[in-house]
Amino acid sequence: MLNVDDYRARILASVEPLAPLNVPLSSAHECVLAEDVSAPWPLPSFDNSSMDGYAVASAEIADASAESPVALTVIDDVPAGYRASESLRPGTAIRIMTGAPMPEGADAVVPVERTDAGVDTVLISDSVDPGAYVRKAAEDVVAGDVVMRAGTLIGARQMAILAAVGCGTVKVRPRPRVAVISTGSELVEPGTPLRHGLITDSNSYLLVAACHEAGADAYRVGPIIDDEAAFMTAIEDQLHRCDLILTSGGVSMGAYDTVKAVLSTLGSVDFMKIAMNPGMPQGHGHVGEDRTPIITLPGNPVSSYISFENFVRPAIRLMRGLPDLDRPILRARCAASLTSPPHKRQFARAVFLPSGDVTPVGTGQGSHVLGGLAESDALIVVPEEVTSVAAGDEVTVVDLRHA
Ligand code: AMP
Ligand code: MG
């Protein structure tokens, strides 16, 4: 049996970062920038007011006070998006709004709160320093500066500056497109009445959501019945549409384990047992002319999820071009005891307690126990050589609290 780390290394070696693509900025969210972006113009690109008020020559109001305000003639009015049609002359002010360009001759803005808000003449009751309330051109970004480096993940805070420097399109590594094919003749869609022996297809919902959280665009295919021809057709249909195929089910030792039967004959998909619990039966490889990567996950829902966390999530992040493939790992006290099978790495569903300790979920660790999976926000990792954890022991924990 291969250990978890060696299998993970094999999976990571079987995928590569997706080729960069020019996309509209609106589609670049959560993609990784593939080239340095520099500013074609400075930010701000012109001196402008940071307040609603009056553009003035600060020297003219140096002696202004509440007791003896200075009167100036208002000769123009500039909203944001317009320019003053006149330059400031001695004895004048120009009414100005936040973001409007500074008029010629003005070196400061007096906020409207420090005036009588006059329209033809304004009484100014306070002095301001030269440059007060003026946002100087280029104080944020100088023209030609690199504003974002290749490799940056584009989130909300990164979007703003890309838009501000005029990126209509950006070169990014796109979000991987993942086809999730669930297999099993017992599977029906949620919302369909269940005959005895049937269950609803929960894995594909779990996996598509997990893919989205990992930064992929995933979609469901199936459920596909345990029939070799039906499965083959489903795979062939997806080959040209996606960057990665995920299947669930059909990879154990059962008589109807179609996924294994069909893909084994293709020659480039390997099936093996991994020394882990849950999630022992696994497979991965490539299919079709374009050698689309495929990862075949076990059918038991918890096994599917634990396999996703260990193998698929890092693969998706590698395809996105992210340097950091793993979730945060920490050490915490385990509040209750736990047993673990020998020679296997166990991933026990657990919850963080307010104290920062973790405790295994109450409903048990069976690979079909969906209640415990839903409750969990942590995985306790019990090493291969450890078969029991006592209450109070320190354990390694995968923190699932952040996507
Ligand atoms: P398999 O790996 O196909 O032998 O499936 C193992 C177990 O997982 C069986 O109890 C299946 O009914 C269950 N299972 C397989 N696929 C799914 C699925 N998509 N959703 C929920 N349970 C599944
Ligand atoms: Mg099955």
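Since every read-out is calculated from the coordinates, none of them should be taken as a lab result. None of the values given here were measured: they were computed from a predicted structure. Here the Cβ is made from the backbone with ideal geometry for all residues, glycine too, and neighbour counts use every protein chain on show.
Note on LYS136/GLU375: beta-carbon distance plugged into 1/(1 + (r/R0)^6) with R0 of 45 Å gives a FRET efficiency of 0.25. Overall shape: prolate for segment 149-239, with the ratio a/c of the largest to smallest alpha carbon gyration tensor axis at 1.5 or above and a/b above b/c. One decimal place: the segment HIS286-LEU21 gains 93.1 nm when fully extended, by the rule 0.36 nm per residue minus the C-alpha distance. The modelled label-to-label distance for the pair ALA335/THR363, using points 7 Å beyond Cα in the direction of Cβ, is 1.9 nm. Within a straight-line Cα-Cα reach of under 25 Å, LYS260 can be paired with the following lysines, leaving aside sequence neighbours fewer than 8 residues apart in one chain: LYS273, LYS344. Can you give the angle from 0 to 90° between the axis of helix 203-213 and the longest principal axis of the chain, with both taken from C-alpha atoms, to the nearest 10? Helix 203-213 and the main axis of the chain meet at about 30 degrees. Normalising the average separation of contacting C-alpha pairs (under 8 angstrom, six or more residues apart) by the number of residues puts the relative contact order of the chain at 16 percent. Does segment 76-131 come out rounded, prolate or oblate by the C-alpha gyration tensor, with a ≥ b ≥ c the root eigenvalues, rounded set by a/c under 1.5 and, if not, prolate when a/b is larger than b/c and oblate if not? Here segment 76-131 falls in the rounded category.
Which longest uninterrupted range of the chain lacks any GluC sites (Glu not before Pro) assigned by DSSP to a loop state (not H, G, I, E or B) and surrounded by at most 11 other Cβ atoms within 10 Å? Within the chain, the longest run free of exposed GluC sites (Glu not before Pro) spans 68-288.
When the Cα convex hull of segment 288-403 is projected onto planes of every orientation, the mean area is 8.5 nm².
Given R₀ = 41 Å, FRET efficiency for ASP326-ALA390 by Cβ-Cβ distance, to 0.05? Given R0 = 41 Å and the Cβ-Cβ separation, E is 0.90.
Annotation note: trypsin sites (Lys or Arg not before Pro) in segment 175-248 located in DSSP loop regions with a Cβ neighbour count of at most 16 within 10 Å are ARG195, ARG241. With Cα atoms defining each centre, segment 69-89 and segment 238-299 are spaced 71 Å apart in the structure. Which one, ARG175, ARG317, ARG331, has the greatest fluctuation when you compute a Gaussian network model over the chain with C-alpha springs under 10 angstrom? Maximum fluctuation in the GNM of the chain, among the listed residues, is at ARG331. With viscosity 1.567 mPa s and temperature 4 °C, the Kirkwood radius over alpha carbon pairs of segment 98-173 converts through Stokes-Einstein to a diffusion coefficient of 80 µm²/s. When the alpha carbon gyration tensor of the chain is reduced to an equivalent ellipsoid, its three semi-axes come out at 62, 26, 18 angstrom, largest first. Most fluctuating residue of ASP217, ASP290, ASP270 in a GNM of the chain with Cα springs under 10 Å: which is it? Taking springs between Cα atoms under 10 Å, the residue moving most is ASP290.
The trypsin sites (Lys or Arg not before Pro) of segment 60-160 that meet both conditions, a loop assignment by DSSP and at most 11 other Cβ atoms within 10 Å of the site Cβ, are ARG149.
Relative to the longest principal axis of the Cα atoms of the chain, helix 4-13 runs at roughly 60 degrees. For the residues ALA218, ALA84, ALA163, a GNM of the chain with alpha-carbon springs under 10 Å puts the largest fluctuation on ALA84.
When VAL188, VAL269 are sorted by how many other C-beta atoms sit within 10 angstrom of their C-beta, beginning with the fewest, the order is VAL188, VAL269.
Can you bin segment 180-307 into rounded, prolate or oblate? Criterion: square roots of the alpha carbon gyration tensor eigenvalues sorted a ≥ b ≥ c, rounded for a/c under 1.5, prolate for a/b above b/c, oblate for the rest. Rounded, because the longest to shortest axis ratio a/c is under 1.5.
The angle between the Cα long axis of helix 228-238 and the main principal axis of the chain comes to about 20°, on a 0 to 90 degree scale.
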